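Asks: One structure coming up, written as structure tokens, with questions to follow.
The values are calculated or read from the model by the stated rules, or taken from the named source; none is laboratory data. Source: prediction; values computed, not measured. Cβ: placed from backbone, ideal geometry, glycine included. Neighbour counts: every protein chain shown. Ligands, DNA and RNA are excluded from the accessible area calculation, which covers all protein heavy atoms including side chains. Shrake-Rupley method; radii C 1.70, N 1.55, O 1.52, S 1.80 Å.
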Amino acid sequence: MDKRYDHKVKEAEVLKKWEDAKAFTADPKSGKKPYTIILPPPNASGKMHVGNVLMIAIEDLLIRWKRMKGYEALWVPGTDHAGFESQTTFERELRVKGKSRFDYDRDTFYKMMMEFVLSNKGQIEEQIRSMGASVDWTRYTFTLEEKSINTVVNTFKKMVNEGLIYRSDYVVNYSFKYGTTFSDAETVMKEQTDPLYYIKYGPLTVATVRPETKLGDTALAVNPRDERYKDYVGKEIVFEDVTGLNRLKVIADEYVDSAFGTGVLKVTPAHSKDDYEIGLRHGLEIKQVIGTDGKMTSLAGKYAGMKVLDCRAQIVEDLKKLGSLEKIDESYVHTVPVDYRTEDYIEQLVIPNWFVRVEELKKMALDVVKNGDVRIFPKWQEITYTRWVENMRDWAISRQIVWGIRVPAWYNVDENPDITVTFLAEGEVVRGQVSDLLRRYDLKEISSGLQSLTAPNNANYVISKESPGDRYLPETDTFDTWFSSGQWPLITLGYPDSEDFKYFYPTDVLETGWEIITRWVSRMIMFGCYLTGKAPFRDVYLHGRVMAIDGKKMSKSLGNVINPEEYQAEFGTDALRMGMISGTANGKDFAFPRDKVLAYRNFSNKIWNMARFLIMLVNEEGLTKKDLQDFKPWNLQRGTTDLEMYEGFKKLVNNVDKSLGKYRFSDAGDFIYHFMWDELASKYIEEVKVRENREDKINGLKNLAYIFSNCLKVLHPFMPFITEAVWGELIKEGLIKGRLLAKTEWPGV
RNA sequence: GGGCCUGUAGCUCAGCUGGUUAGAGCGUUCGGUUUACAUCCGAAAGGUCCCUGGUUCGAUCCCAGGCAGGCCCACCA
């Protein structure tokens, strides 16, 4: 046995052993009880971060534990195409080469993206492997492979047939920069200071930060109880506006806060969610003055074609000339929605989108949690979940990006002459209504150069994965990432009729970071309930976010990002895994526990040396294989430290089982650490080695060998590499028989 | 504006349904080559458990209020 434990060498050897033995391939015909975890798929083109390490450490711990406890344990690995994020990264690379996505048609761009992602995909897979994750690679799934697309398309079809899908003009969060819609979950509110303009509308004055949207005003609103404006309600006011003589109706709506500004609100249904809803209540016209290109539309009259901010400046000028600008409050602080990743500006726009009606799905998703079919750990996160699901509005599932699963709709160009398309014809971007374009271009030309298509809400469409005929153009929107990843447990297990699905579904635990409980967990529960009638997992365990060593959020600009590979290389994978596990207990965010990683590196060394010493003593006393393997600790004499140690070990196993059952990972780890180090090494070994009576000493050694090797089993799910390596050494020296520790049974006590 | 979480040794964190000297790792101090391990062994110092009040025989743990930090949700133009 080597004098030192060289984790780099040993980890590689152990990995090879597991792989050669195909140790983690699960069998639905095993006849055992299944235990299943689906790995939350990391970004396929990304790199592993410390959060992934914690996730893998926890899930591997559970899986290895249950596997040893006699379950047929399945852990399904996968990677995510990460629609928006990957496309953003890729476009950044294109920009370096002086290109952009507008230089390519949709199909070409998609293929380039696929190549880009596939070329990067190996890295994260290798990193998962290097962590010692006992995943079943034979079941590896990528979110954009055929299997995934088929499931998603079928689900969509079913939802369309059951009336759960509709198309609507709806105010969505739209990013001009990325040219796509964002879901509410992808935006955050940011505080900023903007001028608040007080603008005269005839006898009334309205306060607004966005004068340019006045071009889309279709009413003025006041609170029904506001005495000041009582007489105006229901009347039409006529006034000189920047576009000439204008007339607007004054309506009364509870939404209006009399205390804000002047108590009069200009209603712009096309460019504000709230106004949109007021508009619905009062049957107001929707006048869209800002287009998806970030410029004013033709409805903006003389301002058409101007960029939003230029238009704002011009309107302010024009209002001044007109004498309609009462005053400007320069220090107005308010919150605006921005892109949660980049904090980029988000515009609220009305565009046709695909929606899911969530009323029914919400109910199912709430019920399974309320009635305890799904248990959330830590328990208090249940409140976050329930509140969010209760308040969920219909879900906009279409995204105007290429990298994702295309919404499988097709439009017949003859039936829908008014769809707008953008396509590439001999290097030129052409945009227009399809009926016009068909006079100049062949449909094949449009189809092959297609970049994007916008169909009106009432367009006829056919749902199909492949083109239904010659005269069709495809929808170019793709699904929101969460629409497909919400079906991940179903996709990976081969819903609806595979052997795996029947045996392994529903899964046992979903383990992930709390920050995606709303975005992801809720959607998985919805889809699981909707499609199978059962929630996709029994327990949800939410871990906290790993902060930098200084306790702050990791960020490149602060330079405090922790690269797990460095720790893996320096301290060993086991130490990194267990250090992180023992650094957190109840799902709270926590600072990266560097000291704990160090402590468990030392622990690895301790274990290695305990084994060396044990082997040395055994050889010294000339104990044979038979001596050791025939040893029965339950025959030990009462009142001896030997029996005491054995009892201590039994208690340890008990404590570990209990803690793991309650998802108290760090407790379980602490129990083992202290038993092995303080009890077994510092007390027991020290005591046995100086025993005078040879028979006592031999008995002690037998017992020591027994307890130590069984401790390796209990420690294995936490620190799989060193335990497997030492286990191999014990076999080699004849102290135990067996083969792989990973496939050994948990000690029965 | 609503809601959630946190505040325990120098640092990072445990402390399960309230009960004798409040724990761990790291750090600090002192002392150690005794059949493995200096990534080790032995010992020690270090805490008004954020503050105030309440419930209780008894509170770090329960309740109320406050202070401080973090997060989530929300339509105030």
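Asks: Test A:Y684 against the stated conditions and say whether it is near RNA strand B (Cβ under 10 Å from one of its atoms) and surrounded by 15 or more Cβ atoms within 10 Å (Cβ to Cβ).
Replies: Working: near RNA strand B (Cβ under 10 Å from one of its atoms): yes; surrounded by 15 or more Cβ atoms within 10 Å (Cβ to Cβ): yes.
So A:Y684 passes the test.
Asks: So is A:D344 open to solvent by 30 Å² or more (accessible area, probe 1.4 Å), touching a residue at least 60 places away in the same chain (Cβ under 8 Å) and either more than 12 Å from RNA strand B (Cβ to nearest atom) or basic (K, R) (or both) or not?
Replies: Yes: the conditions hold for A:D344.
Asks: Considering A:A21, A:A57, which residue is open to solvent by 10 Å² or more (accessible area, probe 1.4 Å) and modelled with pLDDT of 95 or more?
Replies: Numbers: A:A57 fails: open to solvent by 10 Å² or more (accessible area, probe 1.4 Å).
Only one candidate passes the filter, namely A:A21.
Asks: Is it the case that A:V561 is among the hydrophobic types (A, V, I, L, M, F, W, C), more than 8 Å from RNA strand B (Cβ to nearest atom) and surrounded by fewer than 14 Cβ atoms within 10 Å (Cβ to Cβ)?
Replies: yes
Asks: Quick check, is A:D539 surrounded by fewer than 24 Cβ atoms within 10 Å (Cβ to Cβ) and acidic (D, E)?
Replies: Judged against the criteria, A:D539 is a match.
Asks: So, in region A:640-681, of the ones that are part of a loop (DSSP other than H, G, I, E, B) and near RNA strand B (Cβ under 9 Å from one of its atoms), which residue ends up surrounded by the most Cβ atoms within 10 Å (Cβ to Cβ)?
Replies: The qualifying residue surrounded by the most Cβ atoms within 10 Å (Cβ to Cβ) is A:R664.
Asks: Let me ask something else about it. Can you run down the residue pairs with Cβ atoms below 6 Å, 6 or more apart or on separate chains, where the first is in region A:212-235 and touching a residue at least 24 places away in the same chain (Cβ under 8 Å) and the partner is polar (S, T, N, Q) and surrounded by 13 or more Cβ atoms within 10 Å (Cβ to Cβ)?
Replies: A:T213/A:T268; A:G216/A:T268; A:D217/A:T268; A:N223/A:S258; A:D226/A:S258
Asks: Within region A:291-334, restricting attention to residues that are away from RNA strand B (no atom under 16 Å from the Cβ) and part of a strand (DSSP E or B), which residue is surrounded by the fewest Cβ atoms within 10 Å (Cβ to Cβ)?
Replies: Out of the qualifying residues, it is A:K307.
Listed here are the residues, each with its yes/no results for (1) within 30 Å of A:Y104 (Cα to Cα); (2) modelled with pLDDT of 90 or more; (3) away from RNA strand B (no atom under 12 Å from the Cβ).
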position	(1), (2), (3)
A:V374	no, yes, yes
A:V389	no, yes, no
A:A396	yes, no, yes
A:I401	yes, no, yes
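A quick yes/no check of all residues on (1) under 30 Å from the mean Cα position of the chain (by Cα); (2) polar (S, T, N, Q); (3) farther than 30 Å from A:L510 by Cβ:
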| residue | (1), (2), (3) |
| --- | --- |
| A:G261 | no, no, yes |
| A:T268 | no, yes, yes |
| A:E317 | no, no, yes |
| A:K327 | no, no, yes |
| A:T335 | yes, yes, yes |
| A:N353 | yes, yes, no |
| A:V356 | yes, no, no |
| A:L361 | yes, no, no |
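Asks: Same structure, new question: Can you pull out every residue in region A:184-223 that is more than 10 Å from RNA strand B (Cβ to nearest atom) and of a type in the set (S, T, N, Q)?
Replies: A:T193, A:T205, A:T218
Asks: Take A:G244 and tell me if it is without any contact (Cβ under 8 Å) to a residue 24 or more places away in the chain, in contact with a Gly (Cβ under 9 Å, 6 or more places away or on another chain) and surrounded by fewer than 17 Cβ atoms within 10 Å (Cβ to Cβ).
Replies: Against the criterion (without any contact (Cβ under 8 Å) to a residue 24 or more places away in the chain, in contact with a Gly (Cβ under 9 Å, 6 or more places away or on another chain) and surrounded by fewer than 17 Cβ atoms within 10 Å (Cβ to Cβ)), A:G244 qualifies.
Asks: Would it be correct to say that A:K556 is within 11 Å of RNA strand B (Cβ to nearest atom), open to solvent by 20 Å² or more (accessible area, probe 1.4 Å) and without any contact (Cβ under 8 Å) to a residue 12 or more places away in the chain?
Replies: No.
Asks: Which of (1) open to solvent by less than 30 Å² (accessible area, probe 1.4 Å); (2) hydrophobic (A, V, I, L, M, F, W, C); (3) closer than 30 Å to A:V462 by Cα is the odd one out, the single condition A:F176 does not satisfy?
Replies: All conditions pass for A:F176, except number (1).
Yes/no per residue for (1) touching a helix residue (DSSP H, G or I) at 6+ places or on another chain (Cβ under 7 Å); (2) at pLDDT below 95; (3) hydroxyl-bearing (S, T, Y); (4) under 21 Å from A:W727 (Cα atoms):
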{"residue": "A:S557", "(1), (2), (3), (4)": "no, yes, yes, no"}
{"residue": "A:I562", "(1), (2), (3), (4)": "yes, yes, no, no"}
{"residue": "A:M578", "(1), (2), (3), (4)": "yes, no, no, yes"}
{"residue": "A:S582", "(1), (2), (3), (4)": "yes, yes, yes, no"}
{"residue": "A:N586", "(1), (2), (3), (4)": "no, yes, no, no"}
{"residue": "A:F590", "(1), (2), (3), (4)": "no, yes, no, no"}
{"residue": "A:K625", "(1), (2), (3), (4)": "no, yes, no, yes"}
{"residue": "A:K632", "(1), (2), (3), (4)": "no, yes, no, yes"}
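Asks: Taking A:K588 as the residue in question, decide whether it is more than 9 Å from RNA strand B (Cβ to nearest atom) and not hydroxyl-bearing (S, T, Y).
Replies: Here the answer is no, as A:K588 does not meet what is asked.
Asks: Could you check region A:730-749 and list, in sequence order, the residues that are within 26 Å of A:V688 (Cα to Cα), assigned to a helix (DSSP H, G or I) and open to solvent by 10 Å² or more (accessible area, probe 1.4 Å)?
Replies: Those that are within 26 Å of A:V688 (Cα to Cα), assigned to a helix (DSSP H, G or I) and open to solvent by 10 Å² or more (accessible area, probe 1.4 Å): A:I731, A:K732.
Asks: Same structure, new question: Right, A:L542: in contact with a Lys or Arg (Cβ under 8 Å, 6 or more places away or on another chain) and more than 6 Å from RNA strand B (Cβ to nearest atom) or not?
Replies: Criteria not met by A:L542.
Asks: Return the only residue of A:E162, A:E145 being at negative phi and under 25 Å from the mean Cα position of the chain (by Cα). Steps first, please.
Replies: Values: A:E162 fails: under 25 Å from the mean Cα position of the chain (by Cα).
Answer to the selection: A:E145.
Asks: Which one is farthest from A:Y541 (Cα to Cα), of the residues in region A:37-46 that are modelled with pLDDT of 90 or more and open to solvent by 20 Å² or more (accessible area, probe 1.4 Å)?
Replies: A:N43
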